[in-house]
Amino acid sequence: MKKEAVKAAVASMVDAGLNMNYKDAYDAIMRVYDVEGIEYQEVFDRFLTEHCGAIDHKILAAGVVGYRRARDAALVLYPHVTSTLTSLAKEGVKLGIITDAPPKQAWLRLCYLNLHNLFDAVITSEDSGTFKPSPRPFVLALEALEVEPDEALMVGDWPDRDIVGAKSVGIRTVFARYGDRRNTAESGADYEIDDISELINIVDELNRSVGS
């Protein structure tokens, strides 16, 4: 989603008068994300200031509009997400989200995807004051869900942030290989899945082991 949205933003800015090669502009914006984090909200302002010396508001506005249009078109669920989350919720599994996004962006995405009523807790970067893999957001999630670390599973597609952070507080981990964009060879997770529906069997297996 992020890559497609940035590509559209760059195309819109170039069309609006940005005097820069398309690939160079795209790479420069992605470098800002690499430094500031993928949820950095002032990325185009920073890019234009650094590479053009000042913010041209026509170019900035064109980029923002292009970004938002492409983002909304690309913001779709992976297969079986809604059915899996609904099944887990019906089984009494508490569901939570840990995100590096600010609250407004997190809730806009959840509402757009019609997932906002499925989660018992949503921990944003503003709540924790930090970003993954810091243990703090994971601790806050456990507290909000009122569960112990050995009663929780963290599902994520970014090992260096999701898996490392969860393991630091004793949470079992599931690597969502279907969301991997970094060609991860070794995730370090306790489980790996290619489809989110596989979570149901993992949860059932863990519950049986506790029951026995």
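None of the figures in this text is laboratory data; all of them are computed from the coordinates on show. Just so you know, these numbers come straight off a predicted model, no measurement behind them. All Cβ positions, even for glycine, are placed from backbone atoms using ideal geometry, and neighbour counts span all protein chains on display.
The table below gives the values:
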read-out	value
Using alpha-carbon coordinates, inclination of helix 2-15 to the longest axis of the chain, degrees	10 degrees
Net lengthening on full extension, ARG68/ARG31 (0.36 nm per residue, minus Cα-Cα)	11.4 nm
Förster radius 25 Å - calculated FRET efficiency between GLU186 and LYS23, Cβ distance, rounded to 0.05	0.20
Inter-label distance, nm, simple model (7 Å from Cα along the C-beta direction), CYS52/LEU77	3.8 nm
With at most 13 neighbouring Cβ atoms within 10 Å, loop GluC sites (Glu not before Pro) (DSSP) excluded, longest segment of the chain	92-145
Positive-end residue, region 86-212 charge dipole about Cα centroid, Cβ charges, pick of PRO135, TYR112, PRO149	TYR112
Calculated Rg/Rh (Cα atoms, Kirkwood Rh) (choose from [x] 1.02; [y] 1.05; [z] 0.96), label	[x]
Label zone at HIS116, where the point sits 7 Å out along the Cα-to-Cβ direction: region 62-95 residues whose backbone N lies under 12 Å	none
